[in-house]
Amino acid sequence: MGRELRRLLLSPARLAAAAATGVVPLQPPELHYLARVLRLRPDDSFAVVDGAGRLWEASLVDGAAQLHQPQAEPLQHQPAPRTRLQLAFAPPRRDAEVLLRMATELGIDALQPLLAERSVAERWNAVRAEGLVREAVEQCERLWSPELTPPCPARDCFAGASGLRLLATTRSHALPQLEGLLAEHNPGAGFPVSVAIGPEGGWSPDEEQAALAQGWMAVQLGPTILRTSTAAVAAATLLVNWRQRER
C-alpha cells in the first residue's frame, strides 16, 4: 500500500466463508463505520484485518468488502507473539472501558475479567466490552486481536493459569517490583506471563493465600496506592516493554 489505510476487523470465520469470491458482506454497523465515520465512498479503499495476524487491502463495493488479494496471500502477515501476555483484572466501577482500550492498544494478548470478593463493578456487558476491544484494535492498527474471555472467579483464574504468574498487591514494601522481577527473565523463552490486578478494595486475605498456594508471586507496582485502572495500564506497559527486549 502506498499510504496507510483505515482498518476494519473481520473475524477469520467470516473471511473463510467468503474465500471463494473474496467478497465479504458487511453488517449495518460496519457499513455505518465505513460510510459515516470514515466517510468512505463506493470503491474507496480500506484495510481488512482478521485479528489473527493478517491484513488485506479491500474496496467498498455494493455493501461488501472486496478483497484485493487472495485470502491465502495477505498483504501483511505477522506471526503470533512468542511470549503471551495476559492481564487479569477485577473490573472497576468506573474506567473499565478505558482499561480495556488502553490494554488493547498497548499490546496485551489476553484480557481476563475477574470476580473478586471485593469487586464493586456493575454487571459486565460482554457485547459492549467486545466492541470496545474491536474498536481499539482497528484504531491502534494491531494485526492480532487480544482474547477477551468471560468473567470468572478470581480463585478459578489463579488455579488455571500457567507460566510466570504475578499478583499485584500493595502495602508491603518488601515485595519485589514488577519491573525488576520481569528483568530477571528472558522474554524470548516463550513462557506465558500473567499479571492479576485486584479490585478497588484490594484482594481479600483468602484470595491472596489462594493465589500464592497456586504458585503466583506477589509483586508491587510502586510506592503509591493505584486505582485498578491505573494499576492495570501500568502493568500492561511494563509487560509489553519487557517483551520488546527479547534476546
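The values are calculated or read from the model by the stated rules, or taken from the named source; none is laboratory data. All figures in this text were calculated on a predicted structure; none of them were measured in a lab. Here the Cβ positions follow ideal geometry from the backbone for every residue, glycine too, while neighbour counts run over all protein chains shown.
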Going by the structure shown, is Glu179 among the charged types (D, E, K, R), in the same structural domain as Arg227 (by TED's automatic domain parsing), assigned to a helix (DSSP H, G or I) and more than 23 Å from Leu221 (Cβ to Cβ)? no
Enumeration of residues in the range 202-247 that are of a type in the set (D, E, K, R) and buried (at least 21 other Cβ atoms within 10 Å of the Cβ): Glu207
Identify, please: which residue in the range 133-163 is surrounded by fewer than 19 Cβ atoms within 10 Å (Cβ to Cβ) and among the aliphatic types (A, V, I, L, M) and is, among those, farthest from Arg94 (Cα to Cα)? Ala159
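What number of residues within the range 204-215 are touching a helix residue (DSSP H, G or I) at 6+ places or on another chain (Cβ under 6 Å) and either of a type outside the set (A, V, I, L, M, F, W, C) or not in a helix (DSSP H, G or I) (or both)? If you could, list the steps in order and put the result at the bottom.
We begin by selecting, within the range 204-215, every residue touching a helix residue (DSSP H, G or I) at 6+ places or on another chain (Cβ under 6 Å); these are 207, 210-211, 214.
Right, trim to either of a type outside the set (A, V, I, L, M, F, W, C) or not in a helix (DSSP H, G or I) (or both) and you get 207, 214.
So the count comes out to 2.
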Run Ser172 past the list (1) outside any loop (DSSP other than H, G, I, E, B); (2) in contact (Cβ under 8 Å) with a residue 24 or more places away in the chain; (3) surrounded by fewer than 19 Cβ atoms within 10 Å (Cβ to Cβ) and report the number of the one that doesn't hold. (1)
Any residue in the range 171-184 that is modelled with pLDDT of 95 or more, under 20 Å from Ser119 (Cα atoms) and touching a Phe, Trp or Tyr at 6+ places or on another chain (Cβ under 9 Å)? no
Among the residues of the range 100-155, the number that are out of contact with any helix residue (DSSP H, G or I) (no Cβ under 8 Å at 6 or more places or on another chain), in a loop (DSSP other than H, G, I, E, B) and either in contact (Cβ under 8 Å) with a residue 12 or more places away in the chain or of a type in the set (S, T, N, Q) (or both) is 11
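For the range 24-55, what are the residues that are touching a residue at least 12 places away in the same chain (Cβ under 8 Å) and either of a type outside the set (A, V, I, L, M, F, W, C) or not assigned by TED's automatic domain parsing to the domain that holds Ala13 (or both)? Break it down into steps so the answer makes sense when it comes.
Taking the range 24-55 and keeping what is touching a residue at least 12 places away in the same chain (Cβ under 8 Å), we get 24-26, 30-31, 33-35, 38, 40-55.
Once the filter is applied, which keeps residues that are touching a residue at least 12 places away in the same chain (Cβ under 8 Å) and either of a type outside the set (A, V, I, L, M, F, W, C) or not assigned by TED's automatic domain parsing to the domain that holds Ala13 (or both), the range 24-55 yields Pro25, Glu30, Tyr33, Arg41, Pro42, Asp43, Asp44, Ser45, Asp50, Gly51, Gly53, Arg54.
If you go through the range 156-169 one residue at a time, how many are in contact (Cβ under 8 Å) with a residue 24 or more places away in the chain, in a helix (DSSP H, G or I) and in contact with a strand residue (DSSP E or B) (Cβ under 9 Å, 6 or more places away or on another chain)?
At the first step, the residues of the range 156-169 found to be in contact (Cβ under 8 Å) with a residue 24 or more places away in the chain are 157-159, 161-169.
Subset that is in a helix (DSSP H, G or I): 157-159.
Applying the additional criterion that residues be in contact with a strand residue (DSSP E or B) (Cβ under 9 Å, 6 or more places away or on another chain) yields 157-158.
Total satisfying the criteria: 2.
What residue, of Ala189, Ala161, Ala234, is under 17 Å from Asp109 (Cα atoms) and touching a Gly at 6+ places or on another chain (Cβ under 8 Å)?
On the way: Ala189 fails: touching a Gly at 6+ places or on another chain (Cβ under 8 Å); Ala161 fails: touching a Gly at 6+ places or on another chain (Cβ under 8 Å).
Exactly one of Ala189, Ala161, Ala234 is under 17 Å from Asp109 (Cα atoms) and touching a Gly at 6+ places or on another chain (Cβ under 8 Å), namely Ala234.
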Scan (1) in the same structural domain as Leu239 (by TED's automatic domain parsing); (2) closer than 21 Å to Leu38 by Cα; (3) surrounded by 14 or more Cβ atoms within 10 Å (Cβ to Cβ) for the single condition Leu67 breaks and write down its number. (1)
In the range 1-16, anything surrounded by 12 or more Cβ atoms within 10 Å (Cβ to Cβ) and more than 16 Å from Ala52 (Cα to Cα) is listed as Leu5, Arg6
Which numbered condition in (1) surrounded by 15 or more Cβ atoms within 10 Å (Cβ to Cβ); (2) modelled with pLDDT under 95 is the only one that Gln112 fails? (2)
Within the range 197-205, identify whether any single residue is in contact with a Phe, Trp or Tyr (Cβ under 8 Å, 6 or more places away or on another chain), in contact (Cβ under 8 Å) with a residue 24 or more places away in the chain, closer than 24 Å to Ser162 by Cβ and of a type in the set (S, T, N, Q), and answer yes or no. no
